[in-house]
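The values are calculated or read from the model by the stated rules, or taken from the named source; none is laboratory data. Only a predicted model underlies this, so the values are computations on that prediction, with no experimental measurement involved. All Cβ positions, glycine included, derive from the backbone under ideal geometry; neighbour counts span all protein chains shown. Please note that ligands, DNA and RNA were not included when accessible areas were found on the heavy atoms of the full protein model with its side chains. Shrake-Rupley method; radii C 1.70, N 1.55, O 1.52, S 1.80 Å.
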Amino acid sequence: DARVTQTPRHKVTEMGQEVTMRCQPILGHNTVFWYRQTMMQGLELLAYFRNRAPLDDSGMPKDRFSAEMPDATLATLKIQPSEPRDSAVYFCASGLVGPGNTIYFGEGSWLTVV
Amino acid sequence: GEDVEQSLFLSVREGDSSVINCTYTDSSSTYLYWYKQEPGAGLQLLTYIFSNMDMKQDQRLTVLLNKKDKHLSLRIADTQTGDSAIYFCAEGSNTGKLIFGQGTTLQVKP
């Protein structure tokens, strides 16, 4: 049963620390997304990649966030330094762009910055 | 710009029908989606509709699309307590990017 896998599932860290979240997209999917979910803002698109190339990262604070796809099986989202306002659930999603554009979500990385 | 709006909360009794509404702004949207999120979980794709369709039915789910008014609805027949969740409407284009609404919390009372 193919699924998007995210690690860590839960992370509590101190302000100022570096946080790295990892995502393994579904094999064969050519598009990978990073979304952030908070009570106040809902689901925000941070960045997305097509065939490992960044297409749009305009939703991401550039000074502290970075997103990469070192290879087709791994996407990373890094926050350095982390701040309490970064506390949220970070979702990775992958899809195969085409008719239907079906996108599948991982279970999320629940981040708390204290 | 792209924007998707949903009402925040809906409460129904078990066995009744639920109707969750959504409006969107991007007339170039190719597909419109409904996702379900249960507590502590990710978003699960429920169904989607191509923008040139008016209706799509899948078991207890019926999606209606009024393209002129940019209005999308999800009807759940015979709502069960297991349907309690947050339901997200999303619009998508050929680029693959999805823009989500803020989600509608569905509460099903026994």
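Among the residues that make up segment A:81-100, is at least one of them touching a strand residue (DSSP E or B) at 6+ places or on another chain (Cβ under 7 Å), open to solvent by 20 Å² or more (accessible area, probe 1.4 Å), touching a residue at least 60 places away in the same chain (Cβ under 8 Å) and among the β-branched types (V, I, T)? Within segment A:81-100, one or more residues are touching a strand residue (DSSP E or B) at 6+ places or on another chain (Cβ under 7 Å), open to solvent by 20 Å² or more (accessible area, probe 1.4 Å), touching a residue at least 60 places away in the same chain (Cβ under 8 Å) and among the β-branched types (V, I, T). What do you reckon, is B:E14 open to solvent by 60 Å² or more (accessible area, probe 1.4 Å), within 14 Å of another protein chain (Cβ to nearest Cβ) and over 19 Å from A:T102 (Cα atoms)? In short, no.
Can you tell which of A:F33, A:F49, A:F105 is open to solvent by less than 10 Å² (accessible area, probe 1.4 Å), closer than 24 Å to B:Y87 by Cβ and of a type in the set (A, V, I, L, M, F, W, C)?
Going through A:F33, A:F49, A:F105 in turn, the sole match is A:F33.
Limited to segment B:17-46, what total is found for residues that are of a type in the set (V, I, T), assigned to a strand (DSSP E or B) and open to solvent by 10 Å² or more (accessible area, probe 1.4 Å)?
2
The lone criterion from (1) closer than 21 Å to A:V89 by Cα; (2) within 13 Å of another protein chain (Cβ to nearest Cβ); (3) open to solvent by 50 Å² or more (accessible area, probe 1.4 Å); (4) not small (G, A, S) left unmet by A:L55 is number (1).
Among the residues making up segment B:64-110, those that are within 12 Å of another protein chain (Cβ to nearest Cβ) and not in a loop (DSSP other than H, G, I, E, B) are B:I86, B:F88, B:C89, B:A90, B:E91, B:G92, B:L98, B:I99, B:F100, B:T104, B:T105.
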